[in-house]
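One structure is given below, encoded as structure tokens.
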Amino acid sequence: MIPPSLRVAILPVAIAVAVPTRPALARDVTVQAAIVSDYRFRGLSLSNRMPVIQGGVDVERDGWQAELWGSIRADGEPEGREVDLYLGRAGSIGALSYEAGARAYFVDCARAYFEVTAQMNRPLGPVQFAAELSYAPAQAGLRDNLYVAASLSVSPVPRLRLTGRAGIEDNAIFGAKSDWEARAEFDAQPLTFSAAIVQARSHMLTTEDRAPAGVFALQVKF
């Protein structure tokens, strides 16, 4: 299990790696850090609606992709601390791009939670279509979990991208669940600004958890 100290240290380490060594980084390595007003995962807040600091390192080589990513609450509270490890394979067939892989989630010092995922995207004229299928087998005292989502995105003007996304889920905790998101992103490299409205729906969620919420983020990427 990844120790809690690594969860707290991942973001400063990532930023330290990015700044002094950027000229030496290979073109297939990306370092990112972000400040987000609320950590939402498939519509649900995993930070109790509090701001978070997130960051990670992505490595891509010969179609293989690996990622180390972390999230901590900005106020330092341990709730919602998370570290993810991902390994996947990406490729393309004509205009269709695809990726499949496995992810391990380490949340609040608990044992790893594993999920396999596949996604594809394809341009449809000026619109980009994407679909995702994710499955987690029964583990950690929970039954299996299945998630399916689709999104459409378009860039009406340079640097601005608008995205609409919807997902349905047979959730291991909340049963039948759905979520949606409408997002606007402005790319001002190396910074990206985004604003979104998200919502999750399930009869097992509280009224507060089902309410639409605004999420704002500032990300830097090298």
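The values are calculated or read from the model by the stated rules, or taken from the named source; none is laboratory data. Please read all numbers here as calculations on a predicted model, not as lab measurements. All Cβ positions, glycine included, derive from the backbone under ideal geometry; neighbour counts span all protein chains shown.
Per-structure values
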quantity: From 132, 77, 169, residue being closer than 21 Å to residue 58 by Cβ and among the acidic types (Asp, Glu); calculated: 132
quantity: Yes/no for residue 178 being surrounded by 13 or more Cβ atoms within 10 Å (Cβ to Cβ), over 23 Å from residue 30 (Cβ atoms) and out of contact with any Ser or Thr (no Cβ under 7 Å at 6 or more places or on another chain); calculated: yes
quantity: Hey, residue 151 closer than 21 Å to residue 96 by Cα, in contact with a Gly (Cβ under 9 Å, 6 or more places away or on another chain) and among the hydroxyl-bearing types (Ser, Thr, Tyr) or not; calculated: yes
quantity: Subset of segment 29-54 (residues that are touching a residue at least 40 places away in the same chain (Cβ under 8 Å) and farther than 22 Å from residue 213 by Cα); calculated: 30, 31, 32, 33
quantity: Enumeration of residues in segment 54-78 that are assigned to a loop (DSSP other than H, G, I, E, B) and loosely packed, with under 13 Cβ neighbours inside 10 Å; calculated: 62, 63, 75, 76, 77, 78
quantity: Filter result (of a type outside the set (Gly, Ala, Ser) and closer than 14 Å to residue 182 by Cα) within segment 145-163; calculated: 152, 154, 160, 161, 162, 163
quantity: Among the residues listed as 112, 140, 166, the single one being at pLDDT 95 or above and among the hydrophobic types (A, V, I, L, M, F, W, C); calculated: 166
quantity: Flag for residue 135 being over 21 Å from residue 51 (Cα atoms) and either in contact (Cβ under 8 Å) with a residue 60 or more places away in the chain or touching a helix residue (DSSP H, G or I) at 6+ places or on another chain (Cβ under 8 Å) (or both); calculated: no
quantity: Test: residue in segment 12-29 that is modelled with pLDDT of 95 or more, surrounded by fewer than 19 Cβ atoms within 10 Å (Cβ to Cβ) and within 16 Å of the chain's Cα centre (by Cα); calculated: no
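Condition check ((1) part of a strand (DSSP E or B); (2) at negative phi; (3) in contact (Cβ under 8 Å) with a residue 60 or more places away in the chain; (4) of a type outside the set (Phe, Trp, Tyr)) across all residues:
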{"residue": "147", "(1), (2), (3), (4)": "yes, yes, yes, no"}
{"residue": "162", "(1), (2), (3), (4)": "yes, yes, no, yes"}
{"residue": "180", "(1), (2), (3), (4)": "yes, yes, yes, no"}
{"residue": "183", "(1), (2), (3), (4)": "yes, yes, no, yes"}
{"residue": "187", "(1), (2), (3), (4)": "yes, yes, no, yes"}
{"residue": "203", "(1), (2), (3), (4)": "no, yes, no, yes"}
{"residue": "214", "(1), (2), (3), (4)": "yes, yes, yes, yes"}
